[in-house]
Every structure is written in C-alpha cells, then in structure tokens.
Ligand SMILES: Cc1cc2nc3c(=O)[nH]c(=O)nc-3n(C[C@H](O)[C@H](O)[C@H](O)COP(=O)(O)O)c2cc1C
C-alpha cells in the first residue's frame, strides 16, 4: 500500500495549510496509508555546518527531530506540503528544514520522481513575495516530481473553506497525485523549475533566480528558454555540486587551515557576544 505524508508548517490548528493538506490527502483514490507531521510541533535546530551528513553512512548528529522527519519523507510515496506565507516568504521552519538537506543527495534515490504537492496559503493579495520560488527548492533538491505549487488566498484560520473552488482544486490534486505527469510551468515561469522570479541580465537576457537557467526576454516580456543549456536542479548538476564541490570543502579547508588560523587570530579576543 502506498504511503502519503502530509507536512504542515503552521502552528494554527485547523488553519488553511492543515485543512488543504488534509483535503488533498483525503481525495487520493488509491488505497494508501496517511500520516501527518506538524513541523512546528517538533524540535528543529539550525544546521551547525559540521558537514558530517555528507558521508552517506552518517545521520545528522544534531539531537532533534530532523532525522525522524527526513526518514518519514524518504519512506513516503508522496508528499503533500502545506506552508503559509510569513512576511513575504515561506514560514521560517520550512527554510530550517531545507537547510538541513546538505547531505540528501546521498539518499535521493528514495525520493526521486515521487510526487509532491505544495500548498501555500497567503493572507493578503499581492503579498505572496518570493514564497512560490522559495518553496520549490526543497522538493527540487529531493528530485521529486512537483505536481503543483498552489498559492491560495485565505487569511483567517480555515477561511479557504469559504471558497468551494479551493476545495474542488484540492480534491483534484489528490485525485491525480499518483497519475500526474508533473507541473506545467506557465509562460512567465521557468520551464525547468517553475520559479516565477528572474534576475535581469544585460542584452535582454534573464536568469532564473533559483536554477540559474538563462533565457531571452521576448515580445511582451515572455521569456524564451529554448537555448538554455543549464539548470542546477538537473541530476548531473546536483550530483556534481553536492557530491563534488561541497564534499571537497573539507579537503580545501585542510589545505588553507593554517593560513586561515593566522588571519582569524586577531578576531579571537573580541568576545562581544551577549545573551539574554
Ligand atoms: C507572522 C505572519 C506573517 C504573515 N505574513 C504574510 C505575508 O507576508 N503575506 C501574506 O499574504 N500573508 C501573510 N500572513 C498571513 C498568512 O499567510 C495567512 O493567514 C495564511 O492563511 C496562514 O495559513 P495557516 O492558516 O495555515 O496558518 C502572515 C501571517 C502571520 C501570522
């Protein structure tokens, strides 16, 4: 039987993230087991940059709930994420979780091509900010098949229920989660990763802010990516970056360690830290 994991990143009980994640999960027609994690109820520390997770045999050494969460994500056959917009971006716990994925490329066979739905409730029209782009990063690192990245306007706890179109949309996502061919980016979105945020370059060129694919701005500012030959979320680029460049950080550090120690020395006695 398939396993479906819902990941809710909001303290609000019966808030929009929780309700819409549950609606998606409830609408899956295939027989499946369902489990929910409310990330904000768990202990999740910041990454401490020890790089231990880059060794395939190592779990993250931090004593918190991260290893439980990532084990559940790896075991699931589908992931449904509900993450609200907080101050123009996704809820901070989502970024904390994403930061902990430095070593995930060693285990990505577990999550590769599995379906993922992202639901992003936001309270104020026009205040979505960079949320859509930022939420795409985690499932792209996990190399999942993104079925949808759905921004839903709903302010009050459970307010998404007042619009029957939201319920229908969530139900449709559940119905097709295991049979979908994957998110089809719009004409003003990056065709490689789905982001809607671009960096403007010279000569009418532009670059996707997260995957770095480059295109040309054409008539009516529709980007044309037909000549693009790079996307950092491709299998090859992710392998090379995390298992090559990042994994080699230790060697580069050992080479420069003594020189860096000398340069760092002058800053050692400036202990101006304060705590409450
Ligand atoms: C601290 C905080 C910051 C918020 N910032 C934004 C924002 O920048 N843009 C926006 O559209 N909504 C913002 N909202 C509203 C929430 O995104 C909205 O109420 C959403 O439905 C909450 O989802 P939930 O019910 O799953 O918690 C914010 C809410 C809180 C509590």
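The values are calculated or read from the model by the stated rules, or taken from the named source; none is laboratory data. Keep in mind the model is a prediction, meaning the values are calculated, not measured. All Cβ positions, glycine included, derive from the backbone under ideal geometry; neighbour counts span all protein chains shown.
Collect the residues in the stretch 183-224 that are in a loop (DSSP other than H, G, I, E, B), closer than 24 Å to residue 129 by Cβ and more than 23 Å from the chain's Cα centre (by Cα), keeping them in residue-number order. I'd like the intermediate steps shown before the answer.
Of the stretch 183-224, the ones in a loop (DSSP other than H, G, I, E, B) are 183-197, 201-204, 209-213, 218, 222.
Adding the requirement that they be closer than 24 Å to residue 129 by Cβ leaves 183-197, 201, 209-213, 222.
Result: 201, 222.
Could you tell me whether any residue of the stretch 225-244 is outside the structural domain of residue 143 (by TED's automatic domain parsing), in contact with a strand residue (DSSP E or B) (Cβ under 9 Å, 6 or more places away or on another chain) and in a strand (DSSP E or B)?
Scanning the stretch 225-244, I find no residue that is outside the structural domain of residue 143 (by TED's automatic domain parsing), in contact with a strand residue (DSSP E or B) (Cβ under 9 Å, 6 or more places away or on another chain) and in a strand (DSSP E or B), so the answer is no.
Among the residues of the stretch 12-43, which ones are surrounded by fewer than 15 Cβ atoms within 10 Å (Cβ to Cβ), part of a loop (DSSP other than H, G, I, E, B) and touching a strand residue (DSSP E or B) at 6+ places or on another chain (Cβ under 8 Å)?
30, 31
Among the numbered conditions (1) modelled with pLDDT under 95; (2) out of contact with any helix residue (DSSP H, G or I) (no Cβ under 6 Å at 6 or more places or on another chain), tell me where residue 56 comes up short.
All conditions are met except number (2).
Considering only the stretch 44-54, I want to know if a residue exists there that is surrounded by 17 or more Cβ atoms within 10 Å (Cβ to Cβ) and part of a helix (DSSP H, G or I).
yes
Counting only residues that are within 13 Å of the ligand (Cβ to nearest atom) and assigned to a strand (DSSP E or B), which one in the stretch 121-149 is farthest from the chain's Cα centre (by Cα)? Don't jump to the end; show me each part of the working.
Our first condition is that a residue be within 13 Å of the ligand (Cβ to nearest atom); within the stretch 121-149, this holds for 121-132, 134-135.
Still in the list and also assigned to a strand (DSSP E or B): 121-122.
Numbers: 121: 15, 122: 17 Å.
Here the answer is 122.
Kindly evaluate residue 89 against the criterion of being in contact with a helix residue (DSSP H, G or I) (Cβ under 6 Å, 6 or more places away or on another chain), touching a residue at least 40 places away in the same chain (Cβ under 8 Å) and surrounded by 14 or more Cβ atoms within 10 Å (Cβ to Cβ). Before you say what the answer is, go through the steps one by one.
Working: in contact with a helix residue (DSSP H, G or I) (Cβ under 6 Å, 6 or more places away or on another chain): yes; touching a residue at least 40 places away in the same chain (Cβ under 8 Å): yes; surrounded by 14 or more Cβ atoms within 10 Å (Cβ to Cβ): yes.
Judged against the criteria, residue 89 is a match.
Exactly one condition in (1) in a helix (DSSP H, G or I); (2) within 30 Å of residue 163 (Cβ to Cβ); (3) out of contact with any strand residue (DSSP E or B) (no Cβ under 7 Å at 6 or more places or on another chain) is not met by residue 96; state its number.
Checking residue 96 against (1) in a helix (DSSP H, G or I); (2) within 30 Å of residue 163 (Cβ to Cβ); (3) out of contact with any strand residue (DSSP E or B) (no Cβ under 7 Å at 6 or more places or on another chain), the one that fails is (2).
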